[in-house]
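See structure below.
Quick note: the coordinates plus some simple rules give every number you see, no bench work behind them. Because the structure is a prediction, the values reported are computed rather than measured. Counting neighbours? That spans all protein chains shown, and the Cβs are built from the backbone with ideal geometry, glycine included.
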Amino acid sequence: MEKILIIQTAFIGDAILTLPMIQKLKDLYPKSIIDVLAISSTREIFSASPFVNEVIIVDKHKKHKSYISLLKFSKGLKAKNYSRVYSPHRSFRSALIVFNLKAKESYGFSTSAFKNVYKNLIFYSNANHEIQRNLDLIGYKYDDNSWRIQPEVEIPQRVEQKVKEFYSNVSGSEFIAIAPGSIWNTKKYPIYYYEELIKILKEKFIIILIGSENEKEICNEIAFKFGNDVISTAGKFSLLESIEILKKTKMLVSNDSAPTHLGMCAGIPVLTLFCSTIPGFGFYPYSEKSSYLSYDDIPCKPCGLHGRKKCPIKTFACGLELTPKIVITKIEEMLNACD
């Protein structure tokens, strides 16, 4: 029996994009036990995977911030005797944990920090989607279509019931979800552009705004302007509850942020709007019924891998040139394809 550890201590979107890798790893090693090392904000996602045995939490910012505390933490992990360790996360801290575990086999990317600690280095292809890169890490063979694997999560009955009650209090039968937030300002499609989209979409649909506690303000600001036609759920529902909410919608319109990947879990069409970042980084919605828009005819784009607090040249052309007219045309095209 293989005892396997996956190290993924990045954020929610990265966690979701690791799930297909875990699913296929279980196919490769059906008798294995698979644990995941994660951060507290992604525990819910990994715990909902039917292929994960245990989620172990590392506190990178407090309890395990120092290298001495991380060493002590690693010793506890070593006692679990993992035979294989896979680290999609490429940080020095993750590599240090791998070094301390002394597993029989360890796998990391060629672009990882402290990469010499890995016994097997896998080429990190910038040209591929993150799902493909993670499948490469475990040696899973795929073709042009078979890599498009929907992340599997088990939704508890209590979650289904809570979402059912939410929708029972909402008038209307057809919904479109919009996720207007991001921790990076240059990833945010302009609020007044989203409002222009909503003015058109609310003629046929109830608009559900989704987001975290940190995105409550932006979602509530939008919802306040439209009355009963727009409902904000930001900060009111967990990740699994948000996935269940999305399942009841016709589609999701999102920035290049975590909700894009929640939409992949929900199995609905997702339209992702790329402002300062680009689809070429490998984090676009990848299901056949999903799509994305990105205005790339500017020399300054992309201005960074993760976005920025402010536009470096103060024009924000990457967002402003992606007009509501362009976006609504794509939305209508996607809705027609689903009918």
Listed pairs Lys164/Lys236; Lys24/Lys330; Lys199/Lys247; Lys62/Lys310; Lys24/Lys289; Lys225/Lys314 exceeding 25 Å between Cα atoms: Lys24/Lys330; Lys62/Lys310; Lys225/Lys314
Debye log10 I(q)/I(0) for the stretch 165-338, one point scatterer per Cα, at q = 0.08, 0.15, 0.17 Å⁻¹: -0.21, -0.78, -1.03
Inter-label distance, nm, simple model (7 Å from Cα along the C-beta direction), Lys62/Cys300: 3.8 nm
Candidate aspartates and glutamates for bridging to Lys325, where Cα separation is under 14 Å - those fewer than 8 sequence places away on the same chain excluded: Glu195, Glu196, Glu333
Of the DSSP H helices in the chain, those whose Cα atoms cover at least 20 Å axially and whose Kyte score averages 0.5 or more: 12-28
Kirkwood hydrodynamic radius of the chain, Cα pairs, Å: 21.0 Å
Cleavage-rule hits, GluC sites (Glu not before Pro), the stretch 168-208, DSSP coil, Cβ neighbours within 10 Å at most 12: Glu174, Glu203
Difference of contour (0.36 nm per residue) and Cα-Cα distance, Ala79 to Gln150: 22.2 nm
Check: the stretch 187-229 dipole with +1 on Lys, Arg Cβ and -1 on Asp, Glu Cβ, in debye: 120 debye
Of Leu121, Leu209, Leu262, the one that fluctuates the most in a GNM where the chain has Cα springs shorter than 10 Å: Leu121
Cα-based reach from Lys63 at 21 Å (exclusive), listing lysines while leaving out same-chain residues under 8 positions away: Lys72, Lys75, Lys78, Lys80
Nearest-20 debye value, the chain charge dipole, Cβ charges on Lys, Arg, Asp, Glu: 1680 debye
In nm, spacing of pseudo-spin labels at Glu333 and Arg308 (7 Å Cα→C-beta vector): 3.0 nm
Of the trypsin sites (Lys or Arg not before Pro) in the stretch 270-320, those whose Cβ has at most 12 other Cβ within 10 Å and which sit in DSSP loop: Lys309, Lys310, Lys314
